Amino acid sequence: MMKHLFSFLLSAAFCLNAAAEIDYQVVPMPQQISIDKSGKYFTLNEGMTVAYPADNAKMRRNAEFAAEYLRLAVKPSDKKGADINLTLGLKSDNPDAYTIIVAPKGITIQGASESGVFYGIQTLRKSVMNEQGEVHLPCATISAEPRFSYRGTELDCARHFFPVSFIKTFIDILALHGVNRFHWHLTDDQGWRFEVKALPLLTEKASIRPHTIIGKNVGLHDPAVTIFDDTPETGYYTQEEMREVVRYAAERYITIVPEIDLPGHMIAALSVYPDMGCTGGPYEVWGVWGVADDVLCAGNPKTLEFLKVVYDELCSVFPGELIHIGGDESPRVRWKNCPKCQAKMKELGLKEEAGLQTYINKEMEAFLSLRGRQIIGWDETLEGGLSEKAAVMSWRGYEGGTAAAKLHHHVVMTPTSHCYFDYYQLKTHAAQPLGIGGYVPVSKVYSMEPVPEGLTEEEAKYIMGVQCNLWTEYMLSPDHVEYMLLPRLAAMSEVQWLQPQDKNYEAFLGRLESMKQSYRKLGYKYCPEVE
Ligand code: ACM
Ligand code: ZN
């Protein structure tokens, strides 16, 4: 009895404390939080009701999310008197905008669209997540809208394969941070993970990486000094599984940007279709990280036939407008020495091999635009001249993004300096899991300004967003992926959502403490130290 009484007193004291502490300062920080000075509050209890417009399936799903996060009961809004009301109709040009009004009798979350309501729910969820039992929410008006329309995170599932169950957890993590694009890197030299029904060898054979890196001191990426284990890394996603992931992501307002990297990073495909290489092979799926000289032959008509089969199936699985065609790290040495490639250059009147990559990109752009899609590629796609509408992902620095924006092409900024989350996040590596090198601490991520200097206001509008990348050469497990992602994604989330004048690193570090508490509650791994 005494023990029970003691724990009751403790939790009562905790609740009182908690009531005083709720300030809605979550990550990403809402632009406006005005707390009513009257001291009035709304009391949130488990089992309360959340209502949604009865004729709207997306809003019903939003209500289910709210119910799940806050342990509420869902009801359609034609039944009056719900405790939390989800509504549309917020006047804003930004579809992701939301306002939360907390009043003594209930909470209203209003969005400019269903996605805005979802983000409002996430903010409410994060505001109360670390509390227990009955929660007192001070009356307040909270509103926010994200700075960028493209708020991305990339995961490389080619170098290491991660099961669908983890992909869903990964998407949950993105949703918690207000990310709305999942760039899914599905193929590379080290493995082909996208099922193509017309080309079964890609998943039967090209998905098998013969061995994987486990050794220390492997910073050189040189097979001669690398320690491998000889357990093959295998796995691929069936189309059915990927459609399920698309559905799961869409419910959380996340669009998948699938990437099939071309014309380089294609050794896995070449291992089963060697005719498509300039030398004819043989080729083997790579066990080591690097950049291969062997790429798709640009002069062989089979290459485009292959790509069209692959991308046609890709479009049938992924409905999003943007399709990533890769384009990075594709050496031209094979093209220089290939009679077919040289003949194609002559036919097209090209002086530089770089033009062959542009030729392939233009073919793919035309093919995909018939399916209502738009291509995006890494910044190397600028080198031979961009195809007409291609968007650019600027990874080698700010220069590619700057040049593309000046040419009025849409841009996603993801420079290695701030956005490569495969780099170490702490200076001392001794206690860290093996990484690729580099140093991108939380403070560096937070300091990022995605719009390059030197753009006019008009040109700056082409910077549609910013993305962090997880290349998984050294990430063998879901736990390791989470550790590299968190808490850096929290910093990235504020880069994606906040206007520069609203960013404040010291205040962010305070918010980060409660975010870390949320990670623990949700069972996510994260790097506990912040530099
Ligand atoms: C890249 O990191 N090769 C885009
Ligand atoms: Zn060739």
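The values are calculated or read from the model by the stated rules, or taken from the named source; none is laboratory data. Remember, predicted model here, so these are calculated numbers, not experimental data. All Cβ positions, even for glycine, are placed from backbone atoms using ideal geometry, and neighbour counts span all protein chains on display. Accessible surface areas use protein heavy atoms only, side chains included; no ligands, DNA or RNA. Shrake-Rupley method; radii C 1.70, N 1.55, O 1.52, S 1.80 Å.
Observations, loosely collected:
- From the alpha carbon centroid of segment 177-198 to that of segment 355-423 is 17 Å.
- Subtracting the Cα-Cα distance of Arg60 and Lys40 from 0.36 nm times their residue separation leaves 4.3 nm of extension gain.
- Modelled FRET efficiency - R0 51 Å, Ala73 with Glu352, Cβ distances, 0.05 increments: 0.20
- Our helix-only sum for the chain, with -39,500 (n - 2.57) per DSSP H run of n ≥ 4 divided by its residues, gives a mean residue ellipticity at 222 nm of -10500 deg cm²/dmol.
- In this view, the solvent-accessible surface of Ile208, computed with a 1.4 Å probe and all protein chains in place, comes to about 70 Å².
- Förster radius 25 Å - calculated FRET efficiency between Asp229 and Asp312 (Cβ-Cβ, nearest 0.05): 0.10
- Computed extension length for Val291-Ala250: 11.4 nm, one decimal, from 0.36 nm per residue of separation with the Cα-Cα distance subtracted.
- Rounded percent of accessible protein surface that carbon and sulfur make up, segment 27-144, 1.4 Å probe: 49
- Surface analysis of the chain yields an accessible area of 41 Å² per residue, using protein heavy atoms and a 1.4 Å probe.
- Shown here for segment 67-157: GluC sites (Glu not before Pro) in loop regions (DSSP other than H, G, I, E, B) with at most 12 other Cβ atoms within 10 Å, of which there are none.
- Pairs of Cα atoms farther than 22 Å apart, segment 375-531, %: 46
- Portion, in percent, of the accessible area of segment 408-523 that falls on carbon or sulfur, probe 1.4 Å: 52
- Within the shell defined by Cβ-Cβ distances under 11 Å, the residues around His185 carry a net charge of -4, with Lys and Arg each +1 and Asp and Glu each -1.
- What a 1.4 Å probe finds exposed on segment 173-314 is 54% carbon and sulfur by accessible area, rounded to a whole percent.
- Fraction of antiparallel bridges per DSSP, segment 80-238 only, in percent to nearest 5: 60
- Label sites at Leu370 and Leu509, each approximated as a point 7 angstrom past Cα along Cα to Cβ, lie 5.7 nm apart.
- 14 Å cut-off, amide nitrogen to a point 7 angstrom out along Glu399 Cα→Cβ, residues in segment 277-293: none
- Whether segment 162-281 is rounded, prolate or oblate, judged on the alpha carbon gyration tensor where a/c under 1.5 counts as rounded: oblate
- In the frame of its principal axes, segment 372-432 has Cα extents of 48, 25, 17 Å, reported largest first.
- Based on every Cα atom in segment 257-323, Rg and the maximum pairwise Cα distance Dmax equal 12.7, 36 Å.
- Space enclosed by the convex hull of the alpha-carbon atoms of the chain, per residue, Å³: 170
- Simple spin-label estimate for Ala103 and Gln31 in nanometres, 7 Å along Cα-Cβ: 2.4
- Acute angle (nearest 10 degrees) that the helix 301-317 long axis makes with the longest principal axis of the chain, alpha-carbon atoms: 10
- Counted residue by residue at 0.36 nm each, then reduced by the alpha carbon distance between them, the extension gain from Leu407 to Ala431 reaches 4.1 nm.
- Restricting segment 425-470 to GluC sites (Glu not before Pro) that sit in a DSSP loop and have at most 16 other Cβ atoms within 10 Å of their own Cβ leaves Glu453.
- Share antiparallel - DSSP beta bridges, the chain, percent rounded to 5: 35
- Sequence-distant contacts, meaning Cα pairs under 8 Å at least 6 residues apart, place the relative contact order of the chain at 13 percent.
- For Leu522 and Glu241, the FRET efficiency from 1/(1 + (r/R0)^6), where r spans their Cβ atoms and R0 equals 25 Å, is about 0.60.
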